[in-house]
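Notes to accompany the following structure.
FYI, it's all coordinate maths here, none of it is from the lab. Here the structure is a predicted model, which means the values were calculated and not measured. Virtual Cβ from ideal backbone geometry, glycine too; neighbours counted across all protein chains shown.
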Amino acid sequence: MEIPRLIEENQILAQNINPNRAYLNEPFFKPEIMENKSLAAKGICSCIINIVQYFDVISIILPKQKALAEVAELLAAATTKFEQLKGIVAELQAQLAAEKEAEYNKAMEERKILLRLRQIVEK
């Protein structure tokens, strides 16, 4: 059936559905009652009821799906940015570790030199 697709694509507007709501409140507009008149009337009645109910549900769901898609897109962008920043932080940490290691090695060399000088002075 093409009607659900048309509703989902916003090609069937509320102004086309809402006039049918008046029939839903009528006591005779029930598939069980229409079945006594004809099977075709029962089928049309069921179809109209289902289309209106589907329209109501999809009217609630579609904006939420759209919002979810937007949020998922934002999340994907934020995740990409986060991964980039994580890479930058990792590089900076590696540079810092290298600088600390170089500074430590330099300090140890100076310590060795000072210890040798101390040994020479004490003799």
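FRET efficiency for the pair residue 81 and residue 50, taken as 1/(1 + (r/R0)^6) with r the Cβ-Cβ distance and R0 = 35 Å, rounds to 0.20. Each eigenvalue of the Cα gyration tensor of the chain, multiplied by 5 and square-rooted, gives one semi-axis; in descending order these are 83, 12, 9 Å.
Relative to the Cα centre, the charge distribution of the chain, modelled as +1 at Lys and Arg Cβ and -1 at Asp and Glu Cβ, gives a dipole magnitude of about 540 debye. The phi-based Karplus calculation (6.51 cos²θ - 1.76 cosθ + 1.60; θ = phi - 60°) puts the 3J(HN,Hα) values of the stretch 24-37 at 5, 8, 6, x, 7, 8, 10, x, 5, 6, 5, 4, 5, 7 Hz, whole numbers, x for Gly and Pro.
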